[in-house]
Amino acid sequence: MNSRKNAHRKRPHRTPQDRAAFSKTLREIGDDIHRGKTAAGLAKANQALTHSGLDRPRQARVLALVADSEFMRGRFDEAAQIQLRVASDTIDDPTLWLRAYIGEVLALLKSPNVEGALMMAWHAVEVAQTKMTDFDEQVRLARQIVEDGGAVEVPPVPVRVSVV
């Protein structure tokens, strides 16, 4: 009876194991920001943006955390502007762009700019439709290439319009 009772206990907390230094940096920045240690989180974000040669998608991930801190501090207009920059930097990524658009819509709703939020939400849907149309076209062309005996590279599946 006692062994059955122990089978449903929570597991003890384990600290996350980061495989890359950038993942650890992102987690530390996010933890600081979400625990209310905004100054420490922003200092780490500034250090990550200035001291390392990050590509645009990685810079955008750091900036998204900065936008989260601005949102939590009640600076919704600044958060929306940062999220817009993040969205433009990650538009080529199959999934990262969506987080920025959602963050921007939430910031615009809080600012309150309902018309702007609605416009950005519809823009996000249009981006998702465009990405899905492009993906379907690539798949169609890939089938044709494979039938002709060629090799193809499979692109990542974009976010579904229903998810957006």
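Computed from the C-alpha gyration tensor, the three semi-axes of the ellipsoid equivalent to the stretch 92-146 are 32, 10, 4 Å, from longest to shortest.
May I ask you to derive the relative contact order of the stretch 85-139, considering only C-alpha pairs under 8 Å and at least 6 residues apart, and to give it as an integer percent?
Values: 28 pairs, mean separation 13.7, N = 55.
Value for the stretch 85-139: 25 percent.
The stretch 60-164 has equivalent-ellipsoid semi-axes of 34, 14, 8 Å, by the square roots of 5 times the alpha carbon gyration tensor eigenvalues, sorted largest first.
What does the charge count around LEU108 come to, taking other residues whose C-beta lies under 14 Å from its C-beta (Lys +1, Arg +1, Asp -1, Glu -1)? Before the final figure, lay out the partial values.
Values: positive: ARG75, LYS110; negative: GLU70, ASP77, GLU78, GLU104, GLU115.
Taking every other residue near LEU108 into account, the sum is -3.
Counting Lys and Arg as +1 and Asp and Glu as -1 over every other residue whose Cβ lies under 14 Å from the Cβ of ARG35, the net charge comes to 0. For trypsin sites (Lys or Arg not before Pro), the sites in the stretch 20-98 that DSSP calls loop and that have at most 15 other Cβ atoms within 10 Å are ARG35, LYS37, ARG73. For the chain, modelled as a GNM whose springs connect Cα atoms under 10 angstrom apart, the maximal fluctuation among GLY53, GLY41, GLY116 occurs at GLY53.
Between GLN59, GLN81, GLN138, where does the largest GNM mean-square fluctuation fall for the chain, given springs only between Cα atoms within less than 10 Å? Among GLN59, GLN81, GLN138, the largest GNM mean-square fluctuation belongs to GLN138. Comparing LEU108, LEU54, LEU141 in a Gaussian network model of the chain where C-alpha atoms under 10 Å apart are linked, the largest mean-square fluctuation is found at LEU141.
Charge dipole of the chain (Cα centre as origin; +1 on each Lys and Arg Cβ, -1 on each Asp and Glu Cβ, all else neutral): 1500 debye, rounded to the nearest 20.
Count Lys and Arg as plus one, Asp and Glu as minus one, and take only other residues whose Cβ is under 15 Å from that of ALA20; the net charge is then +2. Among the lysines of the chain, pairs that are 8 or more positions apart or on different chains and have alpha carbons within less than 27 Å of each other number 5. Across the stretch 111-118, coupling constants 3J(HN,Hα) worked out from phi with the 6.51/-1.76/1.60 Karplus curve, θ = phi - 60°, read 6, x, 9, 5, 5, x, 5, 5 Hz, and Gly and Pro carry x.
For the chain, give the percent of accessible area contributed by carbon and sulfur heavy atoms, probe 1.4 Å, rounded to a whole number. Carbon and sulfur: 53 percent of the exposed surface of the chain. With each label modelled as a point 7 angstrom along the Cα→C-beta vector, the ALA39-SER162 pair spans 4.9 nm. Think of the stretch 1-157 as a dipole: +1 on every Lys or Arg Cβ, -1 on every Asp or Glu Cβ, centred on the Cα centre; then among VAL62, GLN138, ALA20, ALA20 lies furthest on the positive end.
The values are calculated or read from the model by the stated rules, or taken from the named source; none is laboratory data. Quick caveat: nothing in here was measured; it's all calculated off a predicted structure. Using ideal geometry, Cβ is built from the backbone for each residue, glycine included, and neighbour counts are taken over all protein chains shown. The protein model used for the area step is the full one, side chains on, heavy atoms only, and it has no ligands, DNA or RNA in it. Shrake-Rupley method; radii C 1.70, N 1.55, O 1.52, S 1.80 Å.
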